[in-house]
Amino acid sequence: MIERLKNKWGIESKRRFYKILLVFSVTGIAILLVKPPLFRLTGLTEATSLWIKLPLLLVTYQILLLGIGTLFGEFPFFWNKLRRLGHLFNRSNPHA
């Protein structure tokens, strides 16, 4: 599985692979720490619909991912991943 992901991501070394996984892990923990004050700041509560909270969390996660990725020296990797994700959402529907 590690080799498959390394090939998919275009990563040569296991050290870089584990560093990227560490960035994902730290970002996951960071979003849990940032969520309560972010929700207080924006006035969101537990009663607020998930469909309202989700976009805010996704954007915050992406910003944290880029920031933490930069701290670990992996900004280009995460920037490319987020750019591809953006292209996925911006594709026009040929069947519309």
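Between GLY43, GLY73, GLY28, where does the largest GNM mean-square fluctuation fall for the chain, given springs only between Cα atoms within less than 10 Å?
Checking each option, the largest mean-square fluctuation is seen for GLY43.
Would you mind counting up the charge near PRO36? Only other residues with Cβ under 15 Å from its Cβ, with Lys and Arg at +1 and Asp and Glu at -1.
Residues close to PRO36 contribute a combined charge of +2.
About its Cα centre, what dipole magnitude does the chain give when the only charges are +1 on Lys and Arg Cβ and -1 on Asp and Glu Cβ, stated in debye to the nearest 20?
280
Where q = 0.10, 0.12 Å⁻¹, what log10 of I(q)/I(0) comes from the Debye formula for the chain, counting one point per Cα?
Cα-only, vacuum Debye calculation for the chain: -0.37, -0.51.
Once phi is turned into ³J(HN,Hα) by the Karplus curve 6.51 cos²θ - 1.76 cosθ + 1.60 with θ = phi - 60°, what whole-Hz value does each residue of the stretch 32-46 show in order, with x for glycine and proline?
5, 7, 7, 4, x, x, 5, 5, 4, 4, 8, x, 7, 10, 5
With springs connecting C-alpha atoms under 10 Å apart, model the chain as a Gaussian network and identify which of LEU65, LEU32, LEU22 has the largest mean-square fluctuation.
Maximum among the listed residues: LEU32.
Around GLU3, what is the net charge, scoring Lys/Arg as +1 and Asp/Glu as -1 over all other residues with Cβ under 13 Å from its Cβ?
+3
Say the dipole of the chain comes from +1 at the beta carbon of Lys and Arg and -1 at that of Asp and Glu; which of ILE2, LEU54, LEU85 then lies farthest toward its positive end?
The residue sitting farthest along the positive end of the dipole is ILE2.
No value in this document is a laboratory result; all are computed from the given coordinates. Remember, predicted model here, so these are calculated numbers, not experimental data. Ideal geometry is used to build each Cβ from the backbone, glycine not excepted, and the neighbour counts take in all protein chains shown.
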